[in-house]
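Colleague: Please see the structure below; I have some questions.
Readers should treat all values here as calculations from the given coordinates under stated rules, not as data from a laboratory. Since we're looking at a predicted model, the values are computed, not measured. Using ideal geometry, Cβ is built from the backbone for each residue, glycine included, and neighbour counts are taken over all protein chains shown.
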Ligand SMILES: *Cc1c(COP(=O)(O)O)cnc(C)c1O
């Protein structure tokens, strides 16, 4: 194994960022193709940047954020935090005590690690479920979490979603929805309702997933709960700072469902192209992906023996995609604990108009190189 723990993942991320920097310096930004679906955009005008002072900034942009956030997410009040993970941590810090229980329902494993990690910090018990028939709410449960769309873009069924919310509310337990990408994927592509409109008490979304905003977390929900979460966020410095809030406001204003809807038909075409030679690809709502499991099966099918773990294989292929083809995927640049699935999101700005044949050849070339490296190291 090459990557064993969070520190190794951090080092891997640092190497990937070095490669990105060298590509930008030597070949220019246009030689990079970010297909992560995370844009980290920072739309802003000169006048707006001039207002970015510690107290003037929040006075202007927090007010504007209330308006656009409530339009985007529903709910009574909004709160901007540093990341989705920060919003999850602040919620669990404020609503869950030691010895209490958190139940989490999601469409498919794995859950985002910030949820169990936050429960661990407060000393709460934690369970996750993907089957409604098995879903349980213990008596000492103080929070139910629902993931609207997983890191791999597996979207929850809307009826199941409502049922889980009803089960929690029957016991007077608040529901927090991790709608990091779901706030847009569920609504734009699956025509589902916003989490707050389905009855969720709190929702958090990531302002750089499938929208032109910065990496940040945007929360909305019942005013009373948002206030509690806000106090904790302020106590621990988890809240978003004025520059982030400014870019969030403009990111939401510039979000349109068109790119997502456009990607749906392109992904079917791209899936057919890559599936001529490979068995490992699966469709996602707005692109294709290769899970670590499927990559390992593909490697096994080619009769290569390797001592690398499934995760290492994903990381290695993602690094070759980046270094040789300029294609940025999450296993190369993700934070520790991020999914090792190699996902190609076709709704992103860099590839929205790209010829799919060219993209196909890049993916194919990188896999051949990956294959040659493995055969050189392994016992064939
Ligand atoms: C991306 C993601 C998160 C975390 O977002 P950060 O900005 O990295 O904190 C949490 N949950 C889900 C389902 C995600 O996809």
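Colleague: With no solvent and one point on each alpha carbon, what is the Debye value of log10 I(q)/I(0) for the stretch 215-312 at q = 0.14, 0.16, 0.21 Å⁻¹?
Modeller: -0.82, -0.85, -1.01
Colleague: Once you have the Cα-Cα distance between residue 24 and residue 53, take 0.36 nm times their residue separation minus that, and quote the gain in nm to one decimal.
Modeller: Extending this stretch completely gives an extra 7.3 nm.
Colleague: In Å and on Cα atoms, what radius of gyration and Dmax does the stretch 46-254 show?
Modeller: 16.3, 54
Colleague: Pairing the Cα long axis of helix 242-253 with the longest principal axis of the chain, what angle in degrees results, from 0 to 90 and rounded to the nearest 10?
Modeller: 80
Colleague: Starting from one equal scatterer on each C-alpha and no solvent at all, send me the Debye-based log10 I(q)/I(0) for the stretch 22-135 at q = 0.09, 0.22 Å⁻¹, two decimals.
Modeller: With no solvent term, the Cα-only Debye profile gives -0.45, -1.21.
Colleague: Moving on to the next point. Between residue 279 and residue 15, what is 0.36 nm times their sequence separation minus the Cα-Cα distance? Round to one decimal in nm.
Modeller: 92.1 nm is the gain from fully extending residue 279 to residue 15.
Colleague: Within 10 Å of each residue's Cβ, count the other Cβ atoms and sort 36, 205 from fewest upward. If you can, show how the numbers build up before the last one.
Modeller: Numbers: 36 23, 205 32.
Lowest count first: 36, 205.
Colleague: Write down the Kirkwood hydrodynamic radius of the chain, to one decimal in angstroms, obtained as one divided by the mean of 1/r over all alpha carbon pairs.
Modeller: In the chain this quantity evaluates to 21.6 Å.
Colleague: Given just the C-alpha atoms of the stretch 204-260, how large is their convex hull per residue in cubic angstrom?
Modeller: Dividing the Cα hull volume of the stretch 204-260 by its residues yields 82 Å³.
Colleague: Quick one: pull the percentage of alpha-carbon pairs in the stretch 46-108 with a separation above 20 Å.
Modeller: Result for the distance tail: 50 percent.
Colleague: So what is the relative contact order for the chain, in percent, with contacts set as C-alpha pairs under 8 Å and at least six apart?
Modeller: Once normalised by length, the contact order is 24 percent.
Colleague: Shifting gears a bit: For the chain, what is the mean residue ellipticity at 222 nm derived from helices alone (per DSSP H run of n ≥ 4: -39500 (n - 2.57); sum divided by total residues; nearest 500 deg cm²/dmol)?
Modeller: Numbers: 13 runs with 174 residues, N = 380.
Result for the chain, helices only: -14500 deg cm²/dmol.
Colleague: Arrange 184, 29, 194 by Cβ neighbour counts within 10 Å, fewest through most, would you?
Modeller: Taking fewest neighbouring Cβ atoms as first place, the list is 29, 194, 184.
Colleague: Antiparallel DSSP bridges in the stretch 46-254: what percent, to the nearest 5? Walk me through the numbers before you get to the answer.
Modeller: Details: 12 of 29 bridges.
Close to 40 percent.
Colleague: Pick out which of 148, 216, 334 has the largest mean-square fluctuation in a Gaussian network model of the chain, springs linking Cα atoms closer than 10 Å.
Modeller: Highest fluctuation of the listed residues: 334.
Colleague: Specify the angular offset, from 0 to 90 degrees and rounded to the nearest 10, of the alpha carbon long axis of helix 310-325 from the longest principal axis of the alpha carbons in the chain.
Modeller: Once rounded, the angle reads 70 degrees.
Colleague: Using every alpha carbon pair in the stretch 163-272, what percent of pairs falls into each 10 Å bin from 0 up to the bin containing the largest distance?
Modeller: Histogramming the stretch 163-272 at 10 Å steps yields 13, 37, 32, 14, 3, 0 percent.
Colleague: Helix 6-27 sits at what angle to the longest principal axis of the chain, using alpha carbons and giving 0 to 90 degrees rounded to 10?
Modeller: 70
Colleague: Multiply the residue separation of residue 307 and residue 197 by 0.36 nm, subtract the distance between their alpha-carbon atoms, and state the gained length in nm to one decimal.
Modeller: Once the chain is fully extended between residue 307 and residue 197, it gains 34.7 nm.
Colleague: So how do 19, 352 line up by other beta-carbon neighbours within 10 Å, fewest first?
Modeller: Starting with the residue having the fewest Cβ neighbours, the order is 352, 19.
Colleague: Quick one: if you stick a label point 7 Å off each Cα along the C-beta vector at residue 109 and residue 355, how many nm between them?
Modeller: Result for the modelled spin labels: 4.4 nm.
Colleague: Once a ≥ b ≥ c are taken as the square roots of the eigenvalues of the Cα gyration tensor of the stretch 235-279, is the result rounded (a/c under 1.5), prolate (a/b larger than b/c) or oblate (a/b not larger than b/c)?
Modeller: It is oblate, given that a/c is not under 1.5 and a/b is not larger than b/c.
Colleague: How much of the pair distance distribution for the stretch 294-365 lies past 21 Å, counting alpha-carbon pairs only, in percent?
Modeller: 30
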